[in-house]
1. Would you mind computing, in nm to one decimal, how far apart the modelled labels at Ala189 and Phe385 are, each placed 7 Å from Cα along Cα→Cβ?
2. Step by step: find N for the range 210-301, compute 2.2 N^0.38 Å, then divide the Cα radius of gyration by it. What's the final number?
3. Checking the a/c ratio against 1.5 first, then a/b against b/c, what shape does the Cα gyration tensor give for the range 82-233?
4. For Arg72, Arg269, give me the order by solvent-accessible area with a 1.4 Å probe, most accessible first, ignoring ligands, DNA and RNA.
5. Expressed in nm to one decimal, what extension gain is obtained for the pair Asp288 and Arg53 from 0.36 nm per residue of sequence separation less their Cα-Cα distance?
6. Got a sec? What order do Tyr23, Tyr382 fall in by accessible area at 1.4 Å, biggest, i.e. largest, first?
7. Output ³J(HN,Hα) for the range 344-354: one whole-Hz value per residue in order, computed from phi by the Karplus curve 6.51 cos²θ - 1.76 cosθ + 1.60 with θ = phi - 60°, and x for Gly and Pro.
8. Give me the percent of the accessible area of the range 87-184 that comes from carbon and sulfur atoms, probe 1.4 Å, all protein chains in place.
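The values are calculated or read from the model by the stated rules, or taken from the named source; none is laboratory data. This structure is a prediction, so every number in the text was calculated from the model and none was measured. In this analysis, Cβ positions are derived from the backbone assuming ideal geometry, glycine residues included, and neighbour counts consider all displayed protein chains. For accessibility, only protein heavy atoms count, side chains too; no ligands or nucleic acids. Shrake-Rupley method; radii C 1.70, N 1.55, O 1.52, S 1.80 Å.
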Amino acid sequence: MSFDVEKIRTDFPLLRGNPGLAYLDGAATAQKPQCVIDAVSRFYSEENANIHRGLYHLSQAATAAFEHARERAAAFIGAREPRECVFTRGATEAINLVAASWGGANLREGDEILITHMEHHADIVPWQLVAARTGARLVVAPIFDDGSLDMEAFAKKISPRTKIVGAVHVSNALGTVNPVKEICALAHAAGALALVDAAQSSAHFALDVQDIGCDFLVFSGHKVCGPTGIGVLYGRAEVLEKMPPYQGGGDMIETVDFAGTTYRGIPGRFEAGTPDIAGAVGLAAALDYVAALRPHAQAHEEALLEYATEKLLAEVPEIRIFGTAKEKASVISFRLGDVHPSDVGMLLDTFGIAVRVGHHCAMPLMKRLGVTGTARASFSFYNTFEEADRFVAALRKIRGMF
Ligand code: PLP
């Protein structure tokens, strides 16, 4: 089957409605296909009720839709059972949940949390918070200049003190694809747990938590063409079952008495309060949509990355690309001579090209690269070679202005 990108684009109302726009910021958030918008709209039009509480038909239909979404999420990442998937607001909340709940219960003074130098702030700050509470220490594995992880150094940083390893699967700022399977194996050999931040990878290629061998994996719905405000924490059932609640409130309890409270099993124990039910329903539609396009969508993104990279290097004077690791997803972080990335971003916008500029929530990584920020074009499966051409041509013009 060939990949007909023009046909795919007709699924996206925002792209259809803005033919002059080259949206190259999928790494920040993906555009939404009609089926996702319809799923959310249909839920509110036809099934809206609160879940897990009502005996009436509508509430049961809403509960079924929510739990069906959990099944779809579990299938999307290859989880053994749906109850291994906790709905959260996104990747950020999922990591905060693990750090606060698992970390709060298990970390002690002198323990170490090992992360990489290319983590998003979402996989740094929650660990710093729990480290400050428990006396544990954050240890950082270095990267090479090309943006790949120094695996030898990583292995040396793991010790009996390491209690958990957190690693980004695909760097949002560089595109680097990390060997998460190897990372998880190293963590387990030392008796540590492993968390994979799949916020970016979930948008680019198929995930299989059992093959990766992780204990936790997190992703956000909005980066996989789903709604904002919904995401997933995958946790191995045996690990989740031993974790204390993250937040307290309705729906996460078995019994409440002023003398004490008992909690539901997993995943309900971690889902206090009314969740984003419509978001979960929209997420399920998005995951099914994206999964059906793979692996052709992935091959298309890889071709776009190769094409745009070669063209940039050949045609744009003084372009410098950050992140040239061999294993790389379709993210191009760059600087254009001494032009400030903010100027590049604003001028690209005048050409109808949307890219992200700044530190990409990876300030320690930027410091390591010796810059305060970069401009970043990220290519999704709905982007075209023509958009890549326009992007390169616009950068040539911008370079000529300075
Ligand atoms: N991790 C990575 C690698 C990301 O790129 C992002 C978002 O850009 C996050 C975590 C946080 O995702 P969210 O803001 O959806 O919680």
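1. Output for this residue pair reads 4.3 nm.
2. 1.35
3. Here the range 82-233 falls in the oblate category.
4. So, going from the largest accessible area down, we get Arg72, Arg269.
5. Taking Asp288 through Arg53 to full extension adds about 81.9 nm, to one decimal.
6. Descending order: Tyr23, Tyr382.
7. Whole-Hz 3J(HN,Hα) from phi for the range 344-354: 4, x, 5, 5, 4, 4, 5, 8, x, 10, 9.
8. Answer for the range 87-184: carbon and sulfur cover 53 percent of the accessible area.
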